[in-house]
Amino acid sequence: MKSIKELYRIGTGPSSSHTMGPRKAAEIFLSRHPEAVAFRVTLYGSLAATGKGHMTNVAITQVLQPVAPVEIIWKPKVFLPFHPNGMNFVSLDSEQKETDSWTVFSIGGGALAEEGEGESSVNTPDVYEMNLMTEILHWCEKTGKSYWEYVEEREESDIWDYLAEVWKTMKEAIHRGLDNEGVLPGPLNLQRKAAAYFIKASGYKASLQSRGLVFAYALAVSEENASGGMIVTAPTCGSCGVVPAVLYHLEQSRNFSDIRILRALATAGLIGNIVKRNASISGAEAGCQAEVGTACSMASAAANQLFGGSPAQIEYAAEMGLEHHLGMTCDPVCGLVQIPCIERNAYAAARALDANLYSSFTDGMHRVSFDKVVEVMKETGNDLPSLYKETSEGGLAKDYEQMEK
């Protein structure tokens, strides 16, 4: 597995696979061909199907257009075998002849890959020897150490500085989201809700107030993402509200120190990394179970660690967070990361706290392992028809037309 720095990417929304990934790919291709007289970019599958709503074309043209004209070709019905989010970059000379062609895939969380080569375009080494939760759990039990200590042993010395920047960015997104009001960009005219939820929560007694605040924090980050604000993929843009909401709520209500929050982030990152390595965090590949389900799993584990859970209890919390999202489809209305994505973030944050509580009542022993759920999630994602994997052709999205803009 690679560094969790590649899971927690700081950038602008609304989509890690449809915005961050294509922008990065355009930057790489431009660096190879600054002399090009023109560019032609073909988008395939899910990337093309919901690319306009996710501003994929805008992300690419912002990079390439200042250098040379760009033609975008949309092929939503063509799915390349390696991954649904395929794109082909072509550079042209003054005679409109091709000088190079590069096919690359946006595989989720802002990561890129070439067919058969893993995340080759990122060109970074693996830093984790163990790729399964069961292996890492046994290591924790044998050494007496926790998951965050395994992260510390495998990452470079600047990991805590990086996670501090991640946590700072997450909190800033919450603060902005709680202050901002009005309508989100796009044809849905969806009203921001975070500020209202935050105010209404103050009128309830402690138990309901707690849940209302978690909702508000998750909505705040997700709404910032939907408006193209600065967020952190956790593990993706579409699921970026879950982990910040849970950790910020616990920091505010339980006065956990910054270092304990950062350690919880490290453990959450490890959970997300395992899912990314052994299944997928891409809605286009495996549905929303891969995005919001993974985010819930990450937040569940982080919360359980903060409350003193054992390695076994943390693993159990993570397992429940993902298990109870199995089968969730990715069906964004009008191709936007708004409906049902934003509400799903709020609901998953609440589920994460429930998974933490449930696990804390146990000794951590249970029948279905986290690794098994990850395996089943991958199988379920493979079995889902493409219309339920970020194409906006099925589910909640099927009665809405794509945004033509």
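Quick rundown of the values:
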| quantity | calculated |
| --- | --- |
| The lone exception for Gly364 - which of (1) surrounded by fewer than 18 Cβ atoms within 10 Å (Cβ to Cβ); (2) modelled with pLDDT of 95 or more; (3) more than 28 Å from Ser146 (Cβ to Cβ) it fails | (3) |
| Enumeration of residues in the range 374-389 that are touching a Pro at 6+ places or on another chain (Cβ under 8 Å) and open to solvent by 40 Å² or more (accessible area, probe 1.4 Å) | Ser386 |
| Residues located in the range 204-251, provided they are free of Cβ contacts under 8 Å to residues at least 24 places away in the same chain and either touching a Leu at 6+ places or on another chain (Cβ under 7 Å) or polar (S, T, N, Q) (or both) | Ser207, Gln209 |
| Among (1) open to solvent by less than 60 Å² (accessible area, probe 1.4 Å); (2) in contact (Cβ under 8 Å) with a residue 12 or more places away in the chain; (3) not polar (S, T, N, Q), the one test that Asp126 misses | (1) |
| Condition met for Gly108 (open to solvent by less than 30 Å² (accessible area, probe 1.4 Å), closer than 22 Å to Ala286 by Cβ and within 20 Å of the chain's Cα centre (by Cα)) | yes |
| Subset of the range 378-387 [at pLDDT 95 or above and either at positive phi or in contact with a Ser or Thr (Cβ under 8 Å, 6 or more places away or on another chain) (or both)] | Lys378, Gly381, Leu384 |
| Residues of the range 19-45 that turn out to be in contact (Cβ under 8 Å) with a residue 12 or more places away in the chain, hydroxyl-bearing (Ser, Thr, Tyr) and out of contact with any strand residue (DSSP E or B) (no Cβ under 6 Å at 6 or more places or on another chain), as a count | 1 |
| Residue that is farthest from the chain's Cα centre (by Cα), among those in the range 254-269 that are free of Cβ contacts under 8 Å to residues at least 60 places away in the same chain and buried (at least 16 other Cβ atoms within 10 Å of the Cβ) | Phe256 |
| Residue under evaluation Cys334, criteria (1) open to solvent by 30 Å² or more (accessible area, probe 1.4 Å); (2) on the phi > 0 side of the Ramachandran plot; (3) touching a Pro at 6+ places or on another chain (Cβ under 9 Å), criterion not met | (1) |
| Residue, nearest to Ala284 (Cα to Cα), within the range 50-66, restricted to residues that are open to solvent by less than 20 Å² (accessible area, probe 1.4 Å) and assigned to a helix (DSSP H, G or I) | Thr56 |
| The range 278-305, residues that are open to solvent by 10 Å² or more (accessible area, probe 1.4 Å) and over 14 Å from the mean Cα position of the chain (by Cα) | Asn278, Gln305 |
| Residue list for the range 141-159, restricted to those being in contact with an Asp or Glu (Cβ under 8 Å, 6 or more places away or on another chain) and buried (at least 18 other Cβ atoms within 10 Å of the Cβ) | Ile159 |
| Lone unmet requirement of (1) within 21 Å of the chain's Cα centre (by Cα); (2) not in a loop (DSSP other than H, G, I, E, B) for Arg211 | (1) |
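The values are calculated or read from the model by the stated rules, or taken from the named source; none is laboratory data. These numbers were taken from a predicted model, which means no experiment stands behind them. Neighbour counts run over all protein chains shown; Cβ positions are idealised from the backbone, glycine included. What goes into the accessible areas is simple: the full protein's heavy atoms, side chains included, and nothing from ligands, DNA or RNA. Shrake-Rupley method; radii C 1.70, N 1.55, O 1.52, S 1.80 Å.
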